[in-house]
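The values are calculated or read from the model by the stated rules, or taken from the named source; none is laboratory data. All values reported here derive from a predicted model rather than from experimental measurement. We place every Cβ from the backbone using ideal geometry, glycine too, and count neighbours over all the protein chains shown. Note: areas computed on protein heavy atoms with side chains; ligands, DNA, RNA excluded. Shrake-Rupley method; radii C 1.70, N 1.55, O 1.52, S 1.80 Å.
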Amino acid sequence: MGDVSVDRGATAKIGQVEGDLRVGQAARIEPEDKVIHVTGRASCDGDAEFHGSLSCSEFSARHGKIRIEGDLVAKSEVRVDDGQLAIDGSLEAATVTVDKALRIGGNARADDFDVGGVLEVRGTISGKKVDVGGSFKVQGTAEVEEVDVGGTVDIASIVKFAKLDVGGMARIGGGEVSKDVDVGGKFESTKPLKFSKIDVGGLATLVEGGEGGDVDVGGKFESRADLSFNSLDVGGMASINGNGKGVEVDVGGLLRVSGSLTLEKDLDIGGRAYIGAELRLDSLEVGGSMEADLIIAQKSIEVGGDLKTIKGTKGDTVELGHGSRASGPIVAREVSVGHGGRVEDVYADKLEMEHGSRARNLYFREGVIEAGVHVEGEVLYTETIEASPDARFAKPASKVNVLPKAPL
């Protein structure tokens, strides 16, 4: 059978077309067997229904809603202008372009998907690029190099992407994004995620943690399991329910880590930081308060507010701001306690206690003790002490040959 045309509103039973198939408005096509085979192009003008699978060289439609109750296989292009396409089965083509909505009940495979409104896939999807203006939803796995969606993304199972670019909200079922995750609003991964970069304008959540490169979030970031990363940069609040391991962290507001945090470089916190276990890093700068079981820094520690530890704080230099309250021993080459600050035991090479500060015990090589300083326990030093006459010592300062061993 050569080219075949089905008139407007007609019903036709077709097996194989050796040529093109043209379907009019509101026409119905029924297969002689299970599949309608068209060697050429299948085209629809307006609404149409195919009560079975369709195989063709190319598929096109315009101005209507197309329903295919089976699979659609096209060797080259599937194109729907100013219309919608619903496929109960699977879709396979080279390229797919649909102006409004594309809904697929099975699996979808094509090099490129370009959908103006809604793309929904109940099975899996694979291809090189998915470009959707509105929403993109997949119930199975998704393996696509580039995904660009203007509105929302919801993928229930794991993904394997190179790039994910979403204007609004995105939720994925874990997997891997080898290059960039770029989401304007909210992003969530419900399973472990391997990533290179996460850039989210609002809220980002890794429900089962992950591992990767850089994390840049404008608002709030949460990892509900262990996280390994390169850099973590969060404008508001960041939390890790587990252990964190990375290079550097910069948080504008609050940082919470329930386990340990290990960094190759710096931790910079504008507000407060709470570490449930150990903090090990190169240098630390906290504008507000800092709390951890143990803090070990290779270089400097600067805390503007309170410093609370159980096992203590150790660094090359430790500087506490005015009015700071510190618990746990402090061990460093240089220690400076701002005026009105309070510390417990300090072990230092060089020590400066500014006026009005308080300590329990002080052990140092060289020290400057300003007016109004109060030491409740002992003051031991090996070389020099410059103490104001207004400083109050519970016991006289004593010069010794060897200082007590530091606990850290």
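Some points to look at:
- Each residue of region 256-266 is assigned a 3J(HN,Hα), and the resulting list reads 10, 10, 6, x, 9, 10, 10, 10, 6, 10, 10 Hz, derived from the Karplus form 6.51 cos²θ - 1.76 cosθ + 1.60 (θ = phi - 60°), x at Gly and Pro.
- P(r) tail fraction, the chain - alpha-carbon pairs more than 31 Å apart, %: 56
- On full extension, the segment bounded by Gln25 and Lys128 gains 33.7 nm, given 0.36 nm per residue less the C-alpha separation.
- Efficiency of FRET from Cβ geometry, Arg360 and Asn401, R₀ 30 Å, rounded to 0.05: 0.85
- Apportionment of accessible area to carbon and sulfur, the chain, percent (1.4 Å): 42
- Normalised Debye scattering of region 312-359 at q = 0.18, 0.21, 0.23 Å⁻¹ gives log10 I(q)/I(0) of -0.41, -0.57, -0.69, counting only Cα atoms as equal scatterers and leaving out solvent.
- Taken over region 129-179, the percentage of Cα pairs per 10 Å bin, counting from 0 up to the bin with the maximum distance, is 30, 65, 5.
- Treating each Cα of region 84-241 as an identical point scatterer and summing with the Debye formula, the log10 of I(q)/I(0) at q = 0.10, 0.13, 0.17 Å⁻¹ comes to -0.33, -0.54, -0.87.
- Region 89-103 - phi-based ³J(HN,Hα) in whole Hz, Karplus 6.51/-1.76/1.60, Gly and Pro as x: x, 9, 10, 9, 7, 7, 9, 10, 10, 9, 5, 10, 9, 10, 10
- Sequence-distant residues sharing a close amide H with Arg342 (under 5 Å, placed H): Ser324, Arg325, Ala326, Arg358
- Counted by Cβ distance under 14 Å from Gly52, the other residues give a net charge of -3, where Lys and Arg count +1 and Asp and Glu count -1.
- Stretching the chain fully between Ser327 and Ala94 yields a gain of 77.3 nm (0.36 nm per residue, less the alpha carbon separation).
- Partners for Lys191 among lysines (Cα-Cα distance below 30 Å; same-chain residues under 8 apart left out): Lys128, Lys129, Lys137, Lys160, Lys163, Lys179, Lys220, Lys245, Lys265
- Förster radius 35 Å - calculated FRET efficiency between Gln16 and Gln139 (Cβ-Cβ, nearest 0.05): 0.60
- Each residue, Asp33 and Ser258, gets one label point 7 Å from its Cα in the Cβ direction; the gap between the two is 5.8 nm.
- Electrostatic tally near Gly328: other residues with Cβ closer than 14 Å to its Cβ, Lys and Arg +1, Asp and Glu -1, net 0.
- In range of the label at Ser388: residues from region 319-345 whose backbone nitrogen is under 11 Å from the point 7 Å along Cα→Cβ: 339-340
- Fraction in percent of alpha-carbon pairs per bin - 5 Å, region 8-145: 3, 11, 22, 27, 19, 11, 5, 1, 0
- Between the beta carbons of Val247 and Ser178, assuming R0 = 25 Å, the FRET efficiency works out to 0.85 to the nearest 0.05.
- Residues of the chain: accessible area per residue with a 1.4 Å probe, Å²: 43
- Between region 260-329 and region 131-153, the alpha-carbon center distance in angstrom: 42
- Evaluating 6.51 cos²θ - 1.76 cosθ + 1.60 at θ = phi - 60° for every residue in region 60-73, the Karplus couplings come out as 9, 7, 8, 6, x, 10, 10, 10, 10, 7, x, 9, 10, 10 Hz, glycine and proline recorded as x.
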